[in-house]
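I have placed the structure first, in the form of structure tokens, so that the comments after it can refer back to it.
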Amino acid sequence: MSELGELVRFIATRLIDKPETIQIVEESDGATNRIKLILPSEELGKVIGRQGRIARAMRVILNVAASKLKQHAYLDIQG
């Protein structure tokens, strides 16, 4: 798993009750990374937050980390 995938896992495990249920799927083509965060539907609200604030913050952090690595990153959250 890439550094960006590990970052997403680190953040998500701190937000939900059952961190062992998290799955991270990564697709990469050169400088673009697509990261899918898959978790149970009952935990989905904890990661998305009110009006998507937590998910938006996770995407900002991910984009900052990716830009440090001179890459682009996209986060998809599925439940």
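None of the figures in this text is laboratory data; all of them are computed from the coordinates on show. Just so you know, these numbers come straight off a predicted model, no measurement behind them. Please note: Cβ atoms are built from the backbone with ideal geometry, for glycine as well, and neighbour counts cover all protein chains shown.
To test your reading of the geometry: what angle, between 0 and 90 degrees and rounded to tens, separates the Cα axis of helix 3-15 from the longest principal axis of the chain?
With both axes taken from Cα atoms, the answer is about 20 degrees.
May I ask for the percentage of alpha-carbon pairs in segment 28-73 that lie more than 15 Å from each other?
That tail contains 52 percent of the Cα-Cα pairs.
Would you mind ranking 1, 58 so that the residue whose beta carbon has the fewest other beta carbons within 10 Å leads the list?
If I rank by nearby Cβ atoms, fewest first, I get 1, 58.
Would you list, by chain and number, the lysines whose Cα falls below 19 Å from the Cα of residue 46, excluding same-chain residues fewer than 8 positions away?
18, 36
State to the nearest 20 debye the size of the charge dipole of segment 21-64 about its Cα centre, where the only charges are +1 on K and R beta carbons and -1 on D and E beta carbons.
Computed about the Cα centre, the dipole is about 320 debye.
Given a Förster distance of 25 Å, report the FRET efficiency between residue 21 and residue 65 from their Cβ-Cβ distance, rounded to the nearest 0.05.
Using R0 = 25 Å, I get an efficiency of 0.60.
When Lys and Arg each count +1 and Asp and Glu each count -1, what net charge do the other residues less than 13 Å away from residue 76, Cβ to Cβ, add up to?
So the environment of residue 76 carries a net charge of +1.
Where does helix 53-68 land angle-wise versus the long Cα axis of the chain, in degrees 0 to 90, nearest 10?
It works out to around 20 degrees.
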